[in-house]
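Asks: Take this structure first; my questions come after.
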Amino acid sequence: MTLQSRVLQVTDRIVARSADSRAQYLARMDAARRRGPARAHLSCSGQAHAFAAAGPDQAALAGGSAGNLGIVTAYNDMLSAHQPFERFPDLIRAAARASGGTAQVAGGVPAMCDGVTQGEAGMELSLFSRDVIALAASVALSHNTFDAAVFLGVCDKIVPGLVIAAQAFGHLPIVFLPAGPMTSGLANDEKARVRQQFAAGEVGREALMAAEMAAYHGPGTCTFYGTANTNQMLMEFMGLHLPGASFVNPNTDLRDALTQEGARRALALSALGNAYTPVCDILDEKAFVNGIVGLHATGGSTNLLIHLVAMARAGGILLDWQDFADLSEVVPLLARVYPNGLADVNHFHAAGGLSYLIGELLGAGLLHPDTRTIAGQGLARYRTEPKLRDGLLVWEDGAGHSLNDKILRAAQDPFQPTGGLKRLTGSLGTAVMKVSAVAPEHHVVQAPVRVFHDQDAVKAAFKAGEFTGDVIVVVRFQGPRANGMPELHSLTPILSILQGRGQKVALVTDGRMSGASGKVPAAIHVCPEALEGGALARLRDGDVLRVDAVAGTLDVLTDGVADRDPVAPDLSANASGMGRELFAAFRDHVGRATDGASIFGGR
């Protein structure tokens, strides 16, 4: 199948834009590759420190002939998605030994949950935790005693942070090992219904708690298609997972077999063998285009419009939101997974999952088939599914057709002809919107604004009955420089109630919404942010905005707004508490959302 012309055009544009920075990056990786792991060049004392606690692996490590695998883990038992990683080091060590190698836990990285911190002060550390994770993973690998690595991480900021670190150590082969989604619990639409009832005062906290516990009930990733599961899709589309590994449930024989095979594969890809495949050769411009295509085809998380930009820049690849917008015009939406539909990721996986989706997109000429992957055979290998046959892990062809066309569709019969994410530009700046779950009649909203400086004030206005007509809720000073760019997902229930009453309603903010952004149109990541003097800082109650996801525009219709002085807010309340005082340097040096909202490279 010939590659679609728009995919070629966008790829060529990214290659040209990135030529200098990519060449500099690859030169650094080549120099690191030539130096190789310094294990054998360490002093005897240095080696003794590194191997002292390795037990039965000490002799192999001291001999220097066996491949040594570094494990970087985001394990904690507070996050359901990461709790299964408790067992992974033992599985990985056993697999490495069986292959004649060794494995050591190189270090841990923090992993926080946006679900726990929604609406709380801790959410203001969430985005910055991505860069902390990159720094922590780099410290873990800085001992330079590893021939390859496996990264254990799943959730919202963890995978992007680990990818940024992987790019810094791009001369190493690195395999990402997921934990898988929890088994299905309370249906996501029922959970959302109870949340709305609670927000409206129709049920009490006891009913809300019962619903939430029934939804989030065991180990594994949350089952809706938010940022965590979008991350897993990306790692498969971009060739850093084993084929079909993303959505196998935790603590199953198949999951354990995939974990051990991932460890073996990482060692096989090291420079000690004949299949040396470093990360810098996998994560090229084509791989990132494939990731963006997957994001659109699945209606993935808006957070990835920030994370993918930051992930790519760590490897010298310069993405911008126009690349996303141009690809969205030609990539059809092929999946309906909550909040874009009623199914969860387990239903999606059962209906054919990523193997079917990748096959459809390859057949339509929408993916680069010739990217390098850890599987070693290009992206076509990812059309297969892992199975256990007589205790052996094998890969077999998938069904070749959707097993449920309410969840997965063929490229010639999509849910909608364009992707699930839109870029908006206009007199208010630039923003993004997830449209895959928004009904067509809500794609354009023109209404007066109510302006707020935090989400608690929005909730108070709702409880006071102040939202009686069509309204665009503006929540400003929520950008990365102002307070770390928290998600505002806790506003979803009340905005949904207003929409359900027949009011035209939208959200506009320089903050983030959520990977679970749903049926209410939300123009988010507005840039420049209000603290930089962006147009958001000049709005007043009653100004009229037009949010148009059809035309891709975001405009102030009231005259004279640009001539006003920007509001100067008091942000002192965001400066301390829950560790926020320790992140002042991050707020001072973070880049714009359009550049990945990263501290690396600054503004």
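Values quoted throughout were computed directly from the atomic coordinates according to the rules given, and no laboratory measurement underlies them. None of the values given here were measured: they were computed from a predicted structure. All Cβ positions, even for glycine, are placed from backbone atoms using ideal geometry, and neighbour counts span all protein chains on display.
Asks: Could you sort out which of Lys286/Lys519; Lys157/Lys459; Lys422/Lys459; Lys157/Lys463; Lys406/Lys459 sit more than 30 Å apart by Cα distance in this structure? Kindly include the intermediate steps, with their values, before the conclusion.
Replies: On the way: Lys286/Lys519 32 Å; Lys157/Lys459 27 Å; Lys422/Lys459 27 Å; Lys157/Lys463 32 Å; Lys406/Lys459 35 Å.
Violating the 30 Å Cα-Cα cut-off are Lys286/Lys519; Lys157/Lys463; Lys406/Lys459.
Asks: Once fully extended, how much extra length lies between Glu329 and Ser43, figured as 0.36 nm per residue of separation less the alpha-carbon to alpha-carbon distance? List each step's numbers first, then the result.
Replies: On the way: separation 286, 0.36 × 286 = 102.96 nm, distance 5.69 nm.
That pair, Glu329 and Ser43, stretches by 97.3 nm at full extension.
Asks: May I pose another question? Report the percentage of all Cα-Cα pairs in segment 421-595 whose separation exceeds 29 Å, rounded to a whole percent. Walk me through the intermediate numbers first.
Replies: Numbers: 2191 of 15225 pairs.
Counting pairs separated by more than 29 Å, the tail of P(r) holds 14 percent.
Asks: So between Glu441 and Ala200, what do we pick up on full extension, going 0.36 nm a residue minus the alpha carbon distance? Show your work: numbers first, answer last.
Replies: Working: separation 241, 0.36 × 241 = 86.76 nm, distance 2.39 nm.
My answer for the length gained is 84.4 nm.
Asks: Right, another one. If R₀ is 51 angstrom, what is the calculated FRET efficiency for the pair Glu190 and Gln377, using the beta carbon separation as r and rounding to 0.05?
Replies: Numbers: r = 42 Å, r/R0 = 0.82.
For R0 = 51 Å, the calculated efficiency reads 0.75.
Asks: Give the peptides 106-118, 205-217 in descending order of average Cβ contacts within 10 Å, highest first.
Replies: On the way: 106-118: 19.7, 205-217: 14.3.
In descending order of packing, they fall as 106-118, 205-217.
Asks: Report the label-to-label distance for Asp559 and Asp413 in nanometres (one decimal), using points 7 Å from each Cα along the Cα→Cβ vector.
Replies: Here the modelled spin labels are 5.4 nm apart.
Asks: Quote the FRET efficiency, to the nearest 0.05, computed for Ala94 versus Asp12 with a Förster distance R0 of 51 Å and r equal to the Cβ-Cβ distance.
Replies: Working: r = 46 Å, r/R0 = 0.89.
For R0 = 51 Å, the calculated efficiency reads 0.65.
Asks: Once you order the gyration tensor axes a ≥ b ≥ c over the Cα atoms, which shape class does segment 90-195 get: rounded for a/c under 1.5, otherwise prolate or oblate by comparing a/b with b/c? Don't jump to the answer; show the numbers that get you there.
Replies: Working: a/c = 3.17, a/b = 1.62, b/c = 1.96.
The shape class here is oblate.
Asks: With a 10 Å radius around each residue's Cβ, average the other Cβ atoms per peptide and rank 150-157, 405-412, 266-273, 310-317, highest first. It would help to have the intermediate numbers written out before the result.
Replies: Numbers: 150-157: 29.0, 405-412: 17.8, 266-273: 22.0, 310-317: 25.0.
So the order, starting with the most tightly packed, is 150-157, 310-317, 266-273, 405-412.
Asks: Let me ask something else. Looking only at the chain, where both bridge partners belong to it, what percent of the DSSP beta bridges are antiparallel (to the nearest 5)?
Replies: Numbers: 25 of 54 bridges.
Once the DSSP bridges in the chain are tallied, antiparallel ones form about 45 percent.
Asks: Let me ask another. Identify, among Val330, Val159, Leu26, the residue whose Cα sits farthest towards the positive end of the charge dipole of the chain, taking +1 on the Cβ of Lys and Arg and -1 on the Cβ of Asp and Glu, with the dipole about the Cα centre.
Replies: So the residue furthest toward the plus end is Leu26.
Asks: Could you calculate the contour length gain from Val116 to Ala575, that is, 0.36 nm times the residue separation minus the distance between their Cα atoms, to one decimal place in nm? Let's see the in-between values first.
Replies: Details: separation 459, 0.36 × 459 = 165.24 nm, distance 2.05 nm.
Separation in residues times 0.36 nm, less the Cα-Cα distance, equals 163.2 nm.
Asks: If N is the number of residues in the chain, what value comes out of its Cα radius of gyration divided by 2.2 N^0.38 Å?
Replies: Working: Rg = 23.7 Å, N = 603, 2.2 N^0.38 = 25.1 Å.
Computed over Cα atoms of the chain, the ratio equals 0.95.
Asks: Could you order the peptides 579-587, 542-550 from most to least packed, using the average number of other C-beta atoms within 10 Å per residue?
Replies: Details: 579-587: 15.2, 542-550: 18.6.
Ranked by mean Cβ neighbours within 10 Å, highest first: 542-550, 579-587.
Asks: May I ask you to evaluate 6.51 cos²θ - 1.76 cosθ + 1.60, the Karplus curve with θ = phi - 60°, for each residue of segment 258-266 and list the ³J(HN,Hα) values in order in whole Hz, giving x for glycine and proline?
Replies: 5, 4, 5, 5, x, 5, 4, 5, 4
Asks: Same structure again: Dipole magnitude of segment 154-203 about its Cα centre, charges +1 at Lys/Arg Cβ and -1 at Asp/Glu Cβ only, in debye to the nearest 20?
Replies: Details: 4 positive and 4 negative charges, 17 e Å.
For segment 154-203, the charge dipole is close to 80 debye.
Asks: Using unit Cβ charges (K, R positive; D, E negative) and no other charged atoms, how large, in debye to the nearest 20, is the dipole of the chain about its Cα centre? Before the final figure, lay out each step's value.
Replies: Working: 51 positive and 58 negative charges, 153 e Å.
The calculated dipole for the chain is roughly 740 debye.
Asks: Could you grab the Rg to Rh ratio for segment 1-154? Cα atoms only, Kirkwood for Rh. Intermediate values should be presented prior to the final figure.
Replies: On the way: Rg = 19.9 Å, Rh = 18.6 Å.
Value, to two decimals: 1.07.
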